[in-house]
Amino acid sequence: MRIGLLTGGGDCPGLNAAIRAVVRHAHDEIGATVYGFRDGWRGVMEGTADELTRDEVRGLVSRGGTILGTSGVQPSRTSDGIDRVRETIAVHRLDGFIAIGGEGTMGACAAMPDVPIIGVPKTIDNDIAGTDHSIGFQTAVQIATELIDRLYSTAESHQRVMVCEVMGRSAGWIGLEAGIAGAADVILLPEHPFDIELVARRVKQRMLEERRFSIVVVSEGASPVPGTMDVPDYPLDENGWPRLGGIGSLVARELAARIGVESRITVLGHVQRGGSPVAYDRVLATRLGIAALEEAARGVWGVMVGMIGQRLVTSPIAEVAAAPRTVPETLWSLPQVLCD
Ligand code: F6P
């Protein structure tokens, strides 16, 4: 068997562990050759690939980023993109691809239904259906939690409101889990528009009755109830996605203005995606990488592998690409979550 391997979309911790798992399993168990394409689908369209040997993936389980590089390029968005993918399959005599990616990559795969692909879910946002967790999410939650812990002590010393903006696009998973783990007083998620007046009241009440500091976790995709606060439109990135960021500053400014309290904003940004994966992501990446290759060996294409509970499952790529998996109301409405 000859397999093309690529990583697409934003990087995250655990990608290299997945690459390592695919290459080792191909070499040790399946007898397949793996060709690595650089920079996601861009490399496939350019048609240049290098064979990935067992030696090249040595020591990768703990290394952040992706040795293959990544991009958000989607073949279906250029006039001859899909033809070039087909040409690459023919030139390299590939049986198919294993594409490790997030929502954008799964969308790119779904737009090429006749190209044999198996998807592996990765993204710190955790917004991919068909799996409980995507590779990288648990690491991002761990990093965000540790940073919130650090804000806690300085907030307490200075009696300030510390607003902490976390990533996640239109899904509040990082905000929810890091917010709960970091004992945030308020958590604002994209799934539930917030009322800044209620947030201000809650913070003020806490200052009067409990402690004179607060931690407010804001997901970058959170938005106010329409008409309650001005939020400028976000610029679009090269793939047409809104480039989020900045809602935390607006919340901090509003809280200072409404309750006269000193507030500060910390935007965690790309540190949530950098560095070494936690053990959970190393294990998940290894299991999903092996599972993807097993499906390929059985000739099952057009699916994404995932893990639900402790069970490895597959779902049609078209299904998982249809919509992001956001935080359900059963979770954001828990009393401990304190959405506003
Ligand atoms: O999808 C992962 C993610 O880190 C989001 O949480 C964030 O909004 C976005 O990517 C940032 O993208 P970029 O790396 O292009 O700034």
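The values are calculated or read from the model by the stated rules, or taken from the named source; none is laboratory data. Note that this is a predicted model, so its numbers are computed, not measured. Positions of Cβ are generated from backbone atoms using ideal geometry, with glycine treated the same way; all protein chains shown enter the neighbour counts. Areas reflect the complete protein model, heavy atoms only, side chains present, ligands, DNA and RNA absent. Shrake-Rupley method; radii C 1.70, N 1.55, O 1.52, S 1.80 Å.
Under 8 Å for C-alpha pairs, at least 6 residues apart: give me the relative contact order for region 142-212, rounded to a whole percent.
Taking the mean separation of contacting Cα pairs over the length of region 142-212, I get 29 percent.
Give the accessible surface of the chain per residue, rounded to a whole number of Å², with probe radius 1.4 Å and ligands, DNA and RNA excluded. Present the calculation step by step, with values, prior to reporting the outcome.
Numbers: 14210 Å² over 340 residues.
Per-residue value: 42 Å².
If you consider only alpha-carbon coordinates, what radius of gyration and Dmax does region 102-176 have, in Å?
My reading of the Cα-based Rg and Dmax gives 17.0, 60 Å.
Please find the FRET efficiency linking Leu236 to Ala323, where r is the Cβ-Cβ separation and R0 is fixed at 22 Å, and quote it to the nearest 0.05.
It comes out at approximately 0.65.
Compute the Kirkwood hydrodynamic radius of the chain, taking the inverse of the mean of 1/r over all pairs of distinct Cα atoms, and give it in Å to one decimal.
Result for the chain, one decimal place: 20.8 Å.
Where the centre of each part is set by its Cα atoms, how far does region 134-167 sit from region 1-77, in angstrom?
When both Cα centres are located, 32 Å separates them.
Starting from 0.36 nm per residue, how many nanometres of slack lie between Val225 and Glu146 once their C-alpha separation is accounted for?
Values: separation 79, 0.36 × 79 = 28.44 nm, distance 2.99 nm.
The span from Val225 to Glu146 would gain 25.5 nm if fully extended.
Specify whether the C-alpha gyration tensor of region 5-92 places it in the rounded, prolate or oblate class, a ≥ b ≥ c being the square roots of the eigenvalues: rounded for a/c under 1.5, otherwise prolate if a/b is larger than b/c and oblate if not.
Oblate.
If ligands, DNA and RNA are left out, what is the accessible area of Arg243 with a 1.4 Å probe, given in Å² to the nearest 10?
130
Estimate the FRET efficiency between Ala257 and Ser157 by the formula 1/(1 + (r/R0)^6), using the beta-carbon distance for r and 25 Å for R0, to the nearest 0.05.
The value I calculate is 0.60.
Could you pull out every residue, at least 5 positions away or on a different chain, whose amide H is within less than 5 Å of the one on Gly9? Hs are placed 1.01 Å off N in the peptide plane, and Pro or chain starts have none.
Ser71, Gly72, Val73
Can you pull a Stokes-Einstein diffusion coefficient for region 58-150 at 4 °C (1.567 mPa s), Rh from Kirkwood over Cα pairs, as a whole number of µm²/s?
It comes out at roughly 85 µm²/s.
Using a 1.4 Å probe and ignoring any ligands, DNA or RNA, find the accessible area of Ile128 and quote it in Å² to the nearest 10.
Ile128 exposes around 10 Å² with every protein chain in place.
Heads up, I need the accessible area for Met167: 1.4 angstrom probe, whole protein in place, Å², nearest 10.
That residue has around 30 Å² of solvent-accessible surface.
Calculate the spin-label point distance for Asp83 paired with Tyr280, positioning each point 7 Å from the Cα along the beta-carbon direction, and give it in nanometres.
Simple spin-label model gives 4.7 nm for this pair.
What distance in nm separates the two pseudo spin-label positions at Ala183 and His270, each 7 Å out from Cα along the beta-carbon direction?
In this crude spin-label approximation the distance works out to 3.4 nm.
May I ask you to evaluate 6.51 cos²θ - 1.76 cosθ + 1.60, the Karplus curve with θ = phi - 60°, for each residue of region 308-324 and list the ³J(HN,Hα) values in order in whole Hz, giving x for glycine and proline?
Listing the rounded values in order: 10, x, 9, 9, 7, 9, 10, 9, x, 4, 4, 5, 6, 7, 5, 7, x Hz.
Summarise the accessible area of the chain (1.4 Å probe, protein heavy atoms) by the percent that is carbon and sulfur.
In the chain, the share of accessible area belonging to carbon and sulfur is 49 percent.
Return the Rg/Rh ratio of region 141-273 with Cα-based radii and a Kirkwood Rh. Intermediate results must be reported in sequence, preceding the final value.
On the way: Rg = 14.0 Å, Rh = 14.7 Å.
Taking Rh as the inverse mean 1/r over Cα pairs, Rg/Rh reads 0.95.
Sort 13-21, 64-72 for me by packing, meaning the mean count of neighbouring Cβ atoms within 10 Å per residue, highest on top.
Descending mean neighbour count gives 13-21, 64-72.
Need the C-alpha centroid separation for region 270-340 versus region 192-224, integer Å.
What the calculation gives is 30 Å, centre to centre.
Which whole-number percent is the relative contact order of the chain (Cα, under 8 Å, 6+ apart)?
Answer for the chain is 23 percent.
Between Met307 and residues 5 or more places away or on another chain, which pairs have amide H atoms under 5 Å apart, with H built 1.01 Å from N, and which residues are they?
Asp132, His133, Val313
Could you order Asp149, Asp11, Asp127, Asp230 by accessible surface area, starting with the largest, using a probe radius of 1.4 Å?
The ranking, largest first, comes out as Asp230, Asp149, Asp11, Asp127.
Pairs of Cα atoms under 8 Å, at least six residues apart: use those to get the relative contact order of region 141-273, whole percent.
34
How are the Cα pair distances of region 217-296 distributed, in percent, across 10 Å bins from 0?
Binned Cα distances yield the sequence 14, 29, 25, 20, 10, 3, 0.
Of Tyr234, Tyr280, Tyr35, which has the most accessible area and how do the rest follow, probe 1.4 Å?
If we order Tyr234, Tyr280, Tyr35 from most to least accessible, we get Tyr280, Tyr234, Tyr35.
With θ set to phi - 60°, apply the Karplus curve 6.51 cos²θ - 1.76 cosθ + 1.60 along region 127-134 and write out the HN-Hα couplings as whole Hz, x wherever there is a Gly or Pro.
9, 9, 5, x, 7, 5, 9, 9
Could you give the length gained by full extension between Gln310 and Arg243, i.e. 0.36 nm per residue of separation minus their alpha carbon distance, to one decimal place?
Once the chain is fully extended between Gln310 and Arg243, it gains 20.7 nm.
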